[in-house]
Every structure is written in structure tokens, then in C-alpha cells.
Amino acid sequence: VSLPKNYRMTWNGEFENQQRASQTLANVVPLCLLGIFLILFMTFGNVKDAVLTILNVPFALIGGILALHITGMNFSISAGIGFIALFGVCIQNGVILISVFRKNLEQHMPLHKAILDGVISRVRPVVMTALMAAIGLLPAAISTGIGSETQKPLAIVVIGGLVTSTILTLLILPIIYSLVHVFLHKRQNMKLLKKMGAV
């Protein structure tokens, strides 16, 4: 069977909807992250703390991707929405920690004590926030009934992301914050010394 030269095959139905939704998601996620960054910048008043808080997003992505891989589920629109919801929770944990770090430093605590006291005082709020969200989504993650194929990926992504985000936020974020603070403080001191002609 010969087809006309200008003949073009198109996919319709569910596949077309999936492609359209994926394209929309690819546009929405960067806009969400940009919006979150702007809100963080307005909250903290500086780029450093806003960027450090955004660093929680990769911590959540690790868990979400691993959870999909372990359960053998494919990435879907439902999973993509789960990642967006996950961003909000992990950013909230970052805000909780960085806010207490800043508060302790403003009280003229030494850097390491300010960070250690901040982590210890905020372990319970961070863990309880993640635990409540994970427990709430657990029935959806283990369900096998009608409609579970749409809600299951979202729940699995959020639960997996919350596990890694909570652990890495409490362990890795304080280390990164300390290193960045020391680096910027040294740069400021060097600039000050150069202005004074000491270097």
C-alpha cells in the first residue's frame, strides 16, 4: 500500500494526552522551583540561604527516584505531581533548619555550636512533619484496588523522597551550611583586609 507524500501519522487518545501532560509538567516544574526560590529570597533576604534551602530538592529527588526503581513503577504524570508536592515538604524542612541556624548566629554563638544546637532542637519537628505525611500516604502506596494505578505512584514518590530528604537534610545540609558560611566569611575578611592595606 502506497501512502501520499504528505501523509503524516499522529498519535491520538491516551498517548496524546500523556505527551501533552508531560510537556506541561516539564514547563511547570522549573516555574515552581523559580517561584519557591523567589519566596525564599524574600524570606531570608539573601541569595546564600535561599540557594542552600533549594539544595534540599536533590535530596528529595534521590528518594523519589529510588522508590520508583525499587517498586518497578514507571514515571508518570501522577509521579511528577508527587515530586512537586515533595518539593514543598523538603523546602519546609530546609527553612526550619536554616532559620534556627541564623537565629543562633545572630545570638553570637560559635558557628559549630549554632549548627549543632539548631539540628538537635529541630530534629523532632522535621521528623514529625515527614512522618505524618508518609503515614498519611501509606494506604495509597500499598493499595491495589480500583484507581490505585493513579494514586500509587504519587504516594510512593512522596514517601521515598521524604525518607531521604529527612535524613540528608539533618546530616548533609548542616555540613554544607557550615562550609559555605566559613568560605563566605573568609572572603569578606580578605576583602576587608585588602581595603585596609593589610594584604
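The values are calculated or read from the model by the stated rules, or taken from the named source; none is laboratory data. Given the structure is predicted, the values throughout are model-derived calculations rather than measurements. A quick note on method: Cβ atoms are made from the backbone with ideal geometry, for glycine too, and the neighbour counts reach across all protein chains shown. For the accessible areas, the whole protein counts, side chains as well, though only heavy atoms, and no ligand, DNA or RNA atoms are used. Shrake-Rupley method; radii C 1.70, N 1.55, O 1.52, S 1.80 Å.
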Here is a list of conditions, (1) free of Cβ contacts under 8 Å to residues at least 12 places away in the same chain; (2) among the charged types (D, E, K, R); (3) crowded, with 17+ Cβ neighbours inside 10 Å, and Lys152 meets all of them except one; can you say which number that is?
(1)
Scan of the stretch 118-146 for residues that are among the charged types (D, E, K, R) and open to solvent by less than 90 Å² (accessible area, probe 1.4 Å), ordered by number
Arg122
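Among the listed residues Ala85, Ala79, Ala60, which satisfies the condition of being within 11 Å of the chain's Cα centre (by Cα) and farther than 24 Å from Tyr177 by Cα?
Numbers: Ala79 fails: within 11 Å of the chain's Cα centre (by Cα); Ala60 fails: farther than 24 Å from Tyr177 by Cα.
Just a single option satisfies the conditions, and that option is Ala85.
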Filter the stretch 62-116 down to residues that are closer than 19 Å to Ala141 by Cα, assigned to a helix (DSSP H, G or I), aliphatic (A, V, I, L, M) and out of contact with any Gly (no Cβ under 7 Å at 6 or more places or on another chain), then give me how many there are.
10
Is it the case that Ile96 is surrounded by fewer than 19 Cβ atoms within 10 Å (Cβ to Cβ) and touching a Pro at 6+ places or on another chain (Cβ under 7 Å)?
yes
Need pairs with beta-carbon distance below 8 Å; first residue over 21 Å from Ile81 (Cα atoms) and within the stretch 24-51, second open to solvent by 40 Å² or more (accessible area, probe 1.4 Å) and among the charged types (D, E, K, R); sequence gap 6+ or separate chains.
Phe44/Arg102; Asp49/Arg102
Which numbered condition Ile146 fails, given (1) of a type outside the set (S, T, N, Q); (2) outside any helix (DSSP H, G or I); (3) in contact (Cβ under 8 Å) with a residue 12 or more places away in the chain:
(3)
On the given criteria, is Phe41 modelled with pLDDT of 85 or more and aromatic (Phe, Trp, Tyr)?
yes
Which members of the stretch 21-55 meet the condition of being within 21 Å of Ile176 (Cβ to Cβ), out of contact with any Gly (no Cβ under 6 Å at 6 or more places or on another chain) and polar (S, T, N, Q)?
Thr43, Asn46
Which one of these does Lys113 not meet: (1) at pLDDT 90 or above; (2) of a type in the set (D, E, K, R); (3) crowded, with 17+ Cβ neighbours inside 10 Å?
(3)
